[in-house]
1. Could you check how many residues of the stretch 1-26 are in contact with a helix residue (DSSP H, G or I) (Cβ under 8 Å, 6 or more places away or on another chain) and either farther than 17 Å from GLY97 by Cβ or not in a helix (DSSP H, G or I) (or both)?
2. Applying the selection to the stretch 29-52, what residues are open to solvent by 10 Å² or more (accessible area, probe 1.4 Å) and either at pLDDT below 95 or closer than 21 Å to ASN101 by Cα (or both)?
3. Where the second residue is within 11 Å of ligand 2 (Cβ to nearest atom) and not in a loop (DSSP other than H, G, I, E, B) and the first is of a type in the set (A, V, I, L, M, F, W, C) and lies in the stretch 227-241, which pairs have Cβ atoms under 7 Å and are six or more apart or on separate chains?
4. Residues in the stretch 100-120: is at least one closer than 26 Å to PRO183 by Cβ, over 15 Å from the mean Cα position of the chain (by Cα) and within 12 Å of ligand 1 (Cβ to nearest atom)?
5. Considering PRO64, PRO55, which residue is buried (at least 23 other Cβ atoms within 10 Å of the Cβ) and out of contact with any strand residue (DSSP E or B) (no Cβ under 6 Å at 6 or more places or on another chain)?
6. Between ALA137, ALA154, which is closer than 22 Å to THR248 by Cβ, small (Gly, Ala, Ser), touching a helix residue (DSSP H, G or I) at 6+ places or on another chain (Cβ under 9 Å) and open to solvent by 10 Å² or more (accessible area, probe 1.4 Å)?
7. If you take the residues of the stretch 27-73 that are charged (D, E, K, R) and assigned to a helix (DSSP H, G or I), which of them is farthest from the chain's Cα centre (by Cα)?
8. Enumerate the pairs (first residue in the stretch 89-101 and touching a residue at least 40 places away in the same chain (Cβ under 8 Å) and farther than 27 Å from ASN207 by Cβ; second residue anywhere and surrounded by 23 or more Cβ atoms within 10 Å (Cβ to Cβ) and among the acidic types (Asp, Glu)) with beta-carbon separation below 9 Å, excluding pairs fewer than 6 apart on the same chain, so at least 6 apart or on different chains.
Amino acid sequence: MIQLKNSEQLNAMRVAGRITGEALALAGEMVREGITTKQLDDKIRHYIEKCGAKPSFLGYGGFPGSACISVNNEVIHGIPSNDKVLHEGDIVKIDVGAFKNGFHGDSANTFPVGKISPEAEQLIRATKESFDEALKAAEIAGARLGDVGHAVEAYVKNYGYSVVKMFVGHGIGKELHEQPDVPNFGTPGRGVRLCRNMTIAIEPMVNMGKSDVIILPNKWTVVTADGSLSAHYEHTVAITDNGAERLTAIQ
Ligand code: MG
Ligand code: MG
């Protein structure tokens, strides 16, 4: 069942969203050659806890980190590690969730480590822009989830990229993952109709190569099957009378 939020609950989600966005931005500023993904994770946990919130992902299904940090061909759910050192030319996806006053925020971005290839730059830019396209589609009156997913896939296909199909965006609120599923593909005019006070995480996961992904033996980390680079971009979004509001965006 889709849980719509009242104005009080939306305000609580704005608070959780702001903390999430700030923690993600702080970690993004720390990204550089030589840093480990565990150091980024520690920063995220400390900041979220300083705000009186809890990292949504820590312990979720047994996940050992506060954030999911995935490098290059890793798509999502990378486990922060002291052994994982970032190198010049890498791209790193940081996915953060914060839980405060009963509600979650969820946001992700892909950061360059030093100077990266033009191809990687284009992948990151197109993934962010595919989110913008999804948001535009969501703001059209009567939009359905098929329109949102189609907007993402159609946009990245222009570049010869593919969207991940095994993992999708989701409703969010009291639970990190609520109904409905929010795929990055779809048929225009099909699927759940978006309505006011719905809160969803829209999160394009875009592979430079083929769509297929594999889960590593650590049972978490998802990698591209063909080894190609992957990028991720996510905001928690509320559908309101004034359009689609990004709850995890910071000023
Ligand atoms: Mg996320
Ligand atoms: Mg999410």
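1. Matching residues across the stretch 1-26 total 1.
2. ARG45, HIS46, TYR47, GLU49, LYS50, CYS51, GLY52
3. Listed by first residue and then by second, the contacts come to VAL237/ILE200; VAL237/ILE202.
4. No, every residue in the stretch 100-120 fails to be closer than 26 Å to PRO183 by Cβ, over 15 Å from the mean Cα position of the chain (by Cα) and within 12 Å of ligand 1 (Cβ to nearest atom).
5. Testing whether each residue is buried (at least 23 other Cβ atoms within 10 Å of the Cβ) and out of contact with any strand residue (DSSP E or B) (no Cβ under 6 Å at 6 or more places or on another chain) leaves just PRO55.
6. Selected residue: ALA137, the only one of ALA137, ALA154 that is closer than 22 Å to THR248 by Cβ, small (Gly, Ala, Ser), touching a helix residue (DSSP H, G or I) at 6+ places or on another chain (Cβ under 9 Å) and open to solvent by 10 Å² or more (accessible area, probe 1.4 Å).
7. LYS50
8. ALA98/ASP106
The values are calculated or read from the model by the stated rules, or taken from the named source; none is laboratory data. Everything numeric in this text was worked out from a predicted model, so none of it was measured. Heads up, the Cβs are rebuilt from the backbone with ideal geometry, glycines too, and the neighbour counts pull from every protein chain shown. Note: areas computed on protein heavy atoms with side chains; ligands, DNA, RNA excluded. Shrake-Rupley method; radii C 1.70, N 1.55, O 1.52, S 1.80 Å.
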